[in-house]
Amino acid sequence: MNFKNFLKFIKFVFSIYAVEHLTTDLHSYNTDVAVITESHLKLKHTDNVVAVPDYTLLRRDSQRRRGGGVALYVRTSLPSSVELLRRRPYV
């Protein structure tokens, strides 16, 4: 395994740990809605990799830059949906 692949592996392991930690926190604190800013999720990250049982995942990935992104975890017993809004140019 070369160094670049090793770093990818380490990032993957930490991401699994982060999702497990988030899952524990959401259930321990009986959280209804959690908003995660700077999620760093990209299109290559499938929902099932960051899914939390008993929560619906709503996300807006950063597409053009490093970092960014927002993820919302909403308890499945609460109704939730996504509404797409058009961007208006800055005036």
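The values are calculated or read from the model by the stated rules, or taken from the named source; none is laboratory data. Source: prediction; values computed, not measured. Virtual Cβ from ideal backbone geometry, glycine too; neighbours counted across all protein chains shown.
Give the number of residues within the range 70-91 that are of a type outside the set (A, V, I, L, M) and modelled with pLDDT of 85 or more.
Applying the first criterion (of a type outside the set (A, V, I, L, M)) to the range 70-91 yields 73, 75-77, 79-81, 83, 86-90.
Restricting the remaining residues to those that are modelled with pLDDT of 85 or more gives 73, 75-77, 79-81.
Residues in the range 70-91 being of a type outside the set (A, V, I, L, M) and modelled with pLDDT of 85 or more: 7 in total.
Specify the residue that is farthest from the chain's Cα centre (by Cα); the eligible residues are those in the range 22-39 that are crowded, with 16+ Cβ neighbours inside 10 Å and closer than 24 Å to L84 by Cβ.
A34
Restricting the search to the range 40-51, which residues are loosely packed, with under 13 Cβ neighbours inside 10 Å, modelled with pLDDT under 85 and not hydrophobic (A, V, I, L, M, F, W, C)?
The first filter runs over the range 40-51 and keeps only residues loosely packed, with under 13 Cβ neighbours inside 10 Å, leaving 42-44, 46-49.
From what's left, modelled with pLDDT under 85: 42-44.
Hits for the range 40-51 are K42, K44.
Does the range 61-82 hold any residues that are basic (K, R) and either closer than 15 Å to L43 by Cβ or under 14 Å from the mean Cα position of the chain (by Cα) (or both), and which are they?
Those that are basic (K, R) and either closer than 15 Å to L43 by Cβ or under 14 Å from the mean Cα position of the chain (by Cα) (or both): R64, R65, R66.
Is it true that D54 is modelled with pLDDT of 75 or more, in contact with a strand residue (DSSP E or B) (Cβ under 7 Å, 6 or more places away or on another chain) and of a type in the set (D, E)?
Judged against the criteria, D54 is a match.
Hey, can you tell me all the residues within the range 44-91 that are in a loop (DSSP other than H, G, I, E, B) and under 19 Å from H21 (Cβ atoms)? So that I can check it myself, show each step before the final result.
Applying the first criterion (in a loop (DSSP other than H, G, I, E, B)) to the range 44-91 yields 44-46, 51-54, 61-69, 76-91.
Of everything in the range 44-91, those that are in a loop (DSSP other than H, G, I, E, B) and under 19 Å from H21 (Cβ atoms) turn out to be H45, A51, V52, P53, D54, G69.
Test L43 against the stated conditions and say whether it is free of Cβ contacts under 8 Å to residues at least 40 places away in the same chain and more than 9 Å from the chain's Cα centre (by Cα). Lay out the reasoning, then the answer.
Details: free of Cβ contacts under 8 Å to residues at least 40 places away in the same chain: yes; more than 9 Å from the chain's Cα centre (by Cα): yes.
Considered against the rule, which asks whether it is free of Cβ contacts under 8 Å to residues at least 40 places away in the same chain and more than 9 Å from the chain's Cα centre (by Cα), L43 comes out as yes.
Quick one: count up the residues across the range 52-91 that are surrounded by fewer than 16 Cβ atoms within 10 Å (Cβ to Cβ) and within 15 Å of N30 (Cα to Cα).
Adding up the residues that qualify gives 5.
Please indicate, with yes or no, whether at least one residue in the range 3-20 is touching a helix residue (DSSP H, G or I) at 6+ places or on another chain (Cβ under 9 Å), at pLDDT 95 or above and not in a strand (DSSP E or B).
Among the residues of the range 3-20, not one is touching a helix residue (DSSP H, G or I) at 6+ places or on another chain (Cβ under 9 Å), at pLDDT 95 or above and not in a strand (DSSP E or B), which makes the answer no.
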